[in-house]
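Peer 1: Here it is, the structure, as structure tokens.
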Amino acid sequence: MTTSAPKRGDKLTVDELCTELRIARSTFYDWRQKGRAPRCLRLPNGALRIRRGDLENWLTDCEDHA
């Protein structure tokens, strides 16, 4: 059985990240503007991707500050 969920090591789209964190796109872009979002890659077409490892590290950092 195949699944459409991202696999470990994959890069997430902004929509996938927002779905996983249960946040609005506007929240993600607000965090980015304030320097509080996970690290992102900008593709040549301008789209953003977030490495799974960067998201996991960011979540760990958030947990430490809570």
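Peer 1: Can you give the extra length, in nm with one decimal, that the chain gains between Arg32 and Glu56 once fully stretched, where that is 0.36 nm per residue apart less the Cα-Cα distance?
Peer 2: Between Arg32 and Glu56, full extension yields 7.0 nm more.
Peer 1: Same structure, new question: Could I have the simple spin-label model distance between Leu41 and Leu21, label points 7 Å from Cα toward Cβ, reported in nm to one decimal?
Peer 2: Placing both labels 7 Å along Cα→Cβ, they lie 1.8 nm apart.
Each reported figure results from applying straightforward, stated rules to the coordinates on display, with no laboratory input. Here the structure is a predicted model, which is why all the values come from computation and not from measurement. We place every Cβ from the backbone using ideal geometry, glycine too, and count neighbours over all the protein chains shown.
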